[in-house]
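The values are calculated or read from the model by the stated rules, or taken from the named source; none is laboratory data. These numbers come from a predicted model, not from an experiment. A quick note on method: Cβ atoms are made from the backbone with ideal geometry, for glycine too, and the neighbour counts reach across all protein chains shown. Heavy atoms of the whole protein, side chains included, go into the accessibility calculation; ligands, DNA and RNA do not. Shrake-Rupley method; radii C 1.70, N 1.55, O 1.52, S 1.80 Å.
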Amino acid sequence: MPSHPINEPILGYAPGSEERRALQAELDRQMAEVVEIPCIINGEEVYTGTTTTQVIPHKHGHVIANVHLAGRDEMEAACEAAVNAQKAWIDLGLEARCAIFERCADLLAGDWRMRVNASTMLNQSKTAFQAEIDAACELIDFWRFNCHYARGFHDDFQPLVSPEGVQNSTEIRPLEGFVLSITPFNFSSIAANLPSAPAIVGCTGVWKPSRNSYLSNYVLMQLMMEAGLPAGVINFLPGSGAEITEIALANPDFAGLHFTGSTATFQGLWQEIGLALPNLKSYPRIVGETGGKDFVVAHPDCDRQGLLVALLRGSFEYQGQKCSAASRAYIPQSVWNAISEDLLAEIGKIKMGDARDFTNFMTAVIDKRSFDKITGYIDRAAARDTCDIVCGGGYDSSTGYFIEPTIIVTSNPNSESMIEEIFGPVLTVYLYDDEDFDNVLKICDEASPYALTGSIFSSNEENIQKAYNALRFTAGNFYINDKPTGAVVAQQPFGGARASGTNDKAGGPLNLLRWISPRSVKRTLDTPQDWTYSFMQPDEN
Ligand code: NAD
């Protein structure tokens, strides 16, 4: 038995399997209901009466939930509840806190799995497989491994030296105050992990879910309560991010921000926190994982079929709505000549539609705003002389927000779709002369402000090392001969630098360290009884 947790095995949902039957039954059940979603403040459900609806992105005429939005009173009450809950939460101790989150993981691995997966499939338009790797497996792993890492701190960070007569120790305290977690739509696992990770080490907080994932996030909040999460430790607040931020920052006990979402939103939040500083008791911790413009660089000597598969899966799984999705590729002309026909033929086989039809590889993008943004990039590329749309380019929002898997080939490595985050099923390819590998590494490094993930494809170690060195700061998660998506907790801790975030590596111990504020304790066994020192004695003559 290993001394650490193991990654949750991924269920396959093959035809005839028990999990497929169970998931389909749960999807049918959830399709037939409209859930009333409250705020949860101090363990109480609060139905505010100010509601919005939650629809299915691939069938936007279908309402799956009515959501009661938090107003200023609820926001203030939630911050206060978190502050009031902290002492008892600390007193409970690490082991008891871990037991609750490990119970969360067990529930999710067991009876709750289909409920959480189905709500993620309907709420965020994920296929069964994409929901399974996100909402079930990754979140189970976050909970189990974070508990494991947190236990390690107590031993790892004890002082090395305690001279005779002295006992030195370090208390792993949480931050004093509450943590505001603002979460993205695209991963249910990230949404639940952002408030959970600080909670494991003793912080309490307020969780503001994305307006596009209220149902799946609410189900996860219910799961945590079922597992025994005490009232007030995590307060669930659907509502305006700007307003919640304003109210949280007006509270002197605001101790940290745990954010995942777009770069622009995070930059704004950081600035607001700076302005609020004089009112706060502590310097808050700011952790944010943000956008990406993730790359694939191929060398002429690469495995061409491997590259083809990586481009297809890396760019189009979950409709390209992963911060890690491959969205720019630098391909040598000879490789493109060899693979482009097959690549386009394979993309032509991709089926897109309702998440409940398991033969679909893609479903819809998240909402109208996203649909308009992505199709704007496609339309502008279509109008440019330097860009050629070689597949896809079509879109239709009549029943759901569907956009075809699209590849733009460009002769301009700095064209808009080559450097900006699109967050949709659009890959832009820059073709380079086979001799220009060194130069293309430099272009890749300098073209975009982001630095989240990226891949090098080559079968020669010298070329791999060249890319490894040239792209050192171009990606926080670097892949060799693999797609740039699919990081696994405890295997590839996740995060990027530059405009992609603070690189605090979710899914690894470094993230948890941001939520602790240690206390060094010295106990003297021989307390001095004389205030004078020997140097003060007069010379003997
Ligand atoms: P978003 O920035 O639109 O929203 C993220 C969260 O911020 C939501 O809860 C939203 O309501 C809130 N928000 C928006 N404006 C706000 C404001 N003014 N004040 C306070 N809160 C505000 O992002 P999204 O569309 O939900 O997610 C997609 C983005 O997230 C992409 O840029 C993607 O790259 C990024 N992402 C990054 C990672 C990572 O690990 N680096 C992981 C997932 C997603």
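Key figures
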| quantity | calculated |
| --- | --- |
| Per-peptide average of other Cβ atoms within 10 Å, ordering 24-34, 386-396, 69-79, 103-113 highest first | 69-79, 103-113, 386-396, 24-34 |
| Angle in degrees between helix 437-447 and the longest Cα principal axis of the chain, rounded to the nearest 10 | 60 degrees |
| Accessible area in square angstrom per residue, the range 294-480, 1.4 angstrom probe | 39 Å² |
| Of all accessible heavy-atom area on the range 139-278, the percent that carbon and sulfur account for (1.4 Å) | 55 percent |
| Long-range amide H partners of residue 301 with built H, under 5 Å | 459 |
| Solitary cysteines of the chain, where the nearest other Cys Cβ is not under 4.7 Å | 39, 79, 104, 137, 203, 302, 323, 387, 391, 444 |
| Distant-in-sequence amide H partners of residue 285 (H built 1.01 Å from N, under 5 Å) | 256, 257 |
| Backbone HN-Hα couplings from phi across the range 461-468 [Karplus 6.51/-1.76/1.60, Hz, Gly and Pro as x] | 4, 4, 5, 5, 5, 4, 5, 4 |
| Span from the the range 378-392 Cα centroid across to the the range 414-439 one, whole angstrom | 13 Å |
| Around residue 4: net Lys/Arg minus Asp/Glu count, Cβ-Cβ under 12 Å | +1 |
| Fraction of alpha-carbon pairs over 36 Å apart in the chain - percent | 37 percent |
| Carbon + sulfur, % of accessible area of the range 294-480 - ligands and nucleic acids excluded, 1.4 Å | 46 percent |
| Hz values of 3J(HN,Hα) by residue in the range 232-248 - Karplus curve (6.51, -1.76, 1.60), Gly and Pro given as x | x, 5, 10, 10, 9, 10, x, x, 6, x, 4, 6, 4, 4, 4, 6, 4 |
| Rounded tilt (10° steps) of 188-200 against the dominant C-alpha axis of the chain | 10 degrees |
| Value of relative contact order over the chain, rounded to a whole percent, pairs C-alpha under 8 Å and six or more apart | 17 percent |
| The range 294-480: relative contact order in percent, alpha carbon pairs under 8 Å with at least 6 residues between | 29 percent |
| Rounded Å value of the spacing that divides the Cα centres of the range 82-109 and the range 466-524 | 25 Å |
| Under-5 Å amide H pairs with residue 56, H placed in peptide plane, nonlocal only | 62, 64 |
| Integer Hz, Karplus 6.51/-1.76/1.60 couplings in order for the range 154-162, x for Gly and Pro | 4, 8, 5, 9, 6, x, 6, 10, 9 |
| Reachable lysines from residue 466, criterion Cα separation under 30 angstrom, eight or more residues apart if same chain | 293, 322, 442, 483, 505 |
| Spherically averaged projected area in nm², based on the convex hull that wraps the Cα atoms of the range 294-480 | 10.0 nm² |
| Principal-axis tilt of helix 94-109 within the chain, Cα atoms, nearest 10 degrees | 20 degrees |
